[in-house]
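The structure appears right after this line, and notes come after that.
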Amino acid sequence: MSGKALGAFGASLVLAVGVVIGLGGSAQAVPPGIPSAATAQQELADLTVAPDGSMDGYSRDKFPHWHTVSGTCDTRETVLERDGDGVEVGSDCYPTSGSWTSPYDGGTWTQPSDVDIDHMVPLAVAWRTGASSWTQDEREAFANDLDSPQLWAVTDNVNQSKSDQTPDEWKPPLESDWCEYARAYTHVKYLYKLTVNSAEEGALEDMLGTC
């Protein structure tokens, strides 16, 4: 891989995020790097449209997560602190208070156990659209990418209903989130030079049309 994709890999591997123990972090409503609708439309047009590849050899273990980001904080804990409201953490970096609002369904939760960290582009989707040829380090960087809109704090059962489905198969329950979801999904595919199939492309076009 080269260019923009390698830059995304490298940046996420060296990112250091400080978590202040016992102090609530400032809330960030959404992950970083979501492009405008116009930019996402151009990125979608630039993606290679191709049939999905094989799932042979796929395992989530080939996308190691969650890795340590800083001190005792792993990627999941970092996203919980980043995207929550009034989050306070203990010495082990696990949240002791705070709340999280899931953009997919609008649910608000005060227990971290009710919140999953969703991979915007599911790991299995990445595998069959290009990641099967990546190195293990590249796949680990993708699965823990804090620099792009790849990781989202969402309601656990909503994330489980999404599973490894693409936008032609699953969309957020809140139609008002479709624009943001499609912008983020398209951008991650673009950053990592992943392909889209024709049904996936059509669904993303429709969702971007709601912007």
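Annotation note: Cβ proximity below 6 Å between a residue of region 193-206 that is farther than 16 Å from residue 183 by Cβ and modelled with pLDDT of 95 or more and a residue that is surrounded by 20 or more Cβ atoms within 10 Å (Cβ to Cβ) and of a type in the set (S, T, N, Q) (sequence gap 6+ or interchain) occurs for 195/129. One residue stands out in region 48-63 among those that are touching a helix residue (DSSP H, G or I) at 6+ places or on another chain (Cβ under 6 Å) and hydrophobic (A, V, I, L, M, F, W, C): the one that is farthest from residue 203 (Cα to Cα), namely 63. Restricting attention to region 123-138, does a residue exist that is within 16 Å of residue 75 (Cα to Cα) and among the basic types (Lys, Arg)? Among the residues of region 123-138, not one is within 16 Å of residue 75 (Cα to Cα) and among the basic types (Lys, Arg), which makes the answer no. Determine whether region 3-10 contains at least one residue that is at pLDDT below 95, in a loop (DSSP other than H, G, I, E, B), of a type outside the set (Ser, Thr, Tyr) and closer than 19 Å to residue 136 by Cα. Yes. Scanning region 114-137 turns up no residue that is polar (S, T, N, Q) and closer than 25 Å to residue 80 by Cβ. All of (1) more than 18 Å from residue 156 (Cβ to Cβ); (2) out of contact with any helix residue (DSSP H, G or I) (no Cβ under 7 Å at 6 or more places or on another chain) hold for residue 89 with one exception: (2).
Pick from region 53-79 the residues that are under 20 Å from the mean Cα position of the chain (by Cα) and in a loop (DSSP other than H, G, I, E, B): which of them is surrounded by the fewest Cβ atoms within 10 Å (Cβ to Cβ)? That would be 59. Here region 167-192 is the region considered, the condition is being part of a helix (DSSP H, G or I), over 22 Å from residue 138 (Cα atoms) and touching a residue at least 40 places away in the same chain (Cβ under 8 Å), and the residue that is nearest to the chain's Cα centre (by Cα) is 181.
The values are calculated or read from the model by the stated rules, or taken from the named source; none is laboratory data. Because the structure is a prediction, the values reported are computed rather than measured. Quick reminder, even Gly has a Cβ in these numbers, built from the backbone with ideal geometry, and neighbours come from all protein chains shown.
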